[in-house]
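Q: Take a look at the following structure, please.
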Amino acid sequence: MGTVHPLTRLIDDVDFMGAFWNKKHGLFKNASPIAGMLSEAAIQEILEVGLLRWPYFMLLKEGIQPAISDFTRTRNVRGQGVSGFADAGKIRKLLDGGATMKLSQLEDWHLPTRRLMDEIESRLPAELKAYIFYTPCDNTGMLPHRDPSHVLALQIAGAKEWRIYDAPGKVDSRGGLLPDLDADGHSHSFVMEPGDVLYLP
C-alpha cells in the first residue's frame, strides 16, 4: 500500500467528518503539498498542444460564458472537421481581458488527480469531481454563488481572496449565482495561498 496523501490525512486527522462535514467551513493553512497537481506551466502546455476540448474546459467572465466559438477552433481529425478544440490565442486574449478558465473532470485525464480522488472517496460518503479554476492576477474568478455540493478547494498557485456568506435560513443544495446578495455583507474573508485547503459544506 502506498503513502497516504497529506490531503487525505487531513480528512482523517482533524476529525473532519465529526467537526466539519456538512456543519461548517474550515480553512487549513499549508495543509497539502502542491507537487503533482496541475501547475500553471502544465496548463499553458496543455493549451499549446491544443488537444483539450470543450466541455472539458470553458471560459467565464463574471459568471457568463462567452460563445464557444470565441475560445475554440475546428481541427481536422481523420479527414473530418471537429469543433470545440482549445484555441490558445483566443483563450489568452480572454484571460487578458479578465476571464477565468475552468478545467473540468480532471479525474478523467490527469492521473495524479485521479489517484488522490480515489483515496479521498474511500473516506467520504460522496462522489468526487475535480475542477481547476485558472484566474489571472487581480481579477475576480466568480461572482457570489452557491455550489450544489460540498467543496474541497486546494490553492495551487498565486493567492485568492475568498468571501463566505453565512445567511441563516438560506442554506439549500441548489447551485447558482446569488444576484441579490450584498457583496460586502460577507461573514468571513480570508486569503488562500499555495498549499491551503478550504472545506465548504
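Q: Evaluate the following for L106: is it in contact with a helix residue (DSSP H, G or I) (Cβ under 7 Å, 6 or more places away or on another chain) and among the hydrophobic types (A, V, I, L, M, F, W, C)?
A: Answer is yes for this residue.
Q: Starting from segment 159-174, take each residue that is modelled with pLDDT of 90 or more and surrounded by 10 or more Cβ atoms within 10 Å (Cβ to Cβ) and list its partners that are assigned to a loop (DSSP other than H, G, I, E, B) and of a type in the set (D, E), counting only C-beta distances under 8 angstrom and pairs at least six apart or across chains.
A: Pairs found: A159/E193.
Q: Filter segment 10-22 down to the residues that are surrounded by fewer than 15 Cβ atoms within 10 Å (Cβ to Cβ) and under 10 Å from R123 (Cβ atoms) and list them by number.
A: D12, M17
Q: Can you tell me how many residues within segment 1-43 are among the charged types (D, E, K, R), part of a helix (DSSP H, G or I) and out of contact with any strand residue (DSSP E or B) (no Cβ under 9 Å at 6 or more places or on another chain)?
A: Adding up the residues that qualify gives 3.
Q: Any residue in segment 118-132 that is under 21 Å from D184 (Cα atoms), touching a Leu at 6+ places or on another chain (Cβ under 6 Å) and open to solvent by 30 Å² or more (accessible area, probe 1.4 Å)?
A: No.
Q: Another question, then. From the list R123, R92, which one is out of contact with any His (no Cβ under 6 Å at 6 or more places or on another chain), among the basic types (K, R) and more than 30 Å from A19 (Cα to Cα)?
A: Just one listed residue meets the conditions, R92.
Q: Looking at (1) in contact (Cβ under 8 Å) with a residue 60 or more places away in the chain; (2) over 24 Å from M142 (Cα atoms); (3) out of contact with any helix residue (DSSP H, G or I) (no Cβ under 7 Å at 6 or more places or on another chain), can you tell me which one R75 breaks?
A: Going through (1) in contact (Cβ under 8 Å) with a residue 60 or more places away in the chain; (2) over 24 Å from M142 (Cα atoms); (3) out of contact with any helix residue (DSSP H, G or I) (no Cβ under 7 Å at 6 or more places or on another chain) one by one, R75 breaks only (1).
Q: Here's a follow-up. Take L111 and decide whether it is buried (at least 17 other Cβ atoms within 10 Å of the Cβ) and out of contact with any Leu (no Cβ under 7 Å at 6 or more places or on another chain).
A: no
The values are calculated or read from the model by the stated rules, or taken from the named source; none is laboratory data. What you see is a predicted model; the values in this text were computed from it and never measured. When we count neighbours, we look across all protein chains shown, and the Cβ atoms used for this are built from the backbone with ideal geometry, even at glycine. Areas reflect the complete protein model, heavy atoms only, side chains present, ligands, DNA and RNA absent. Shrake-Rupley method; radii C 1.70, N 1.55, O 1.52, S 1.80 Å.
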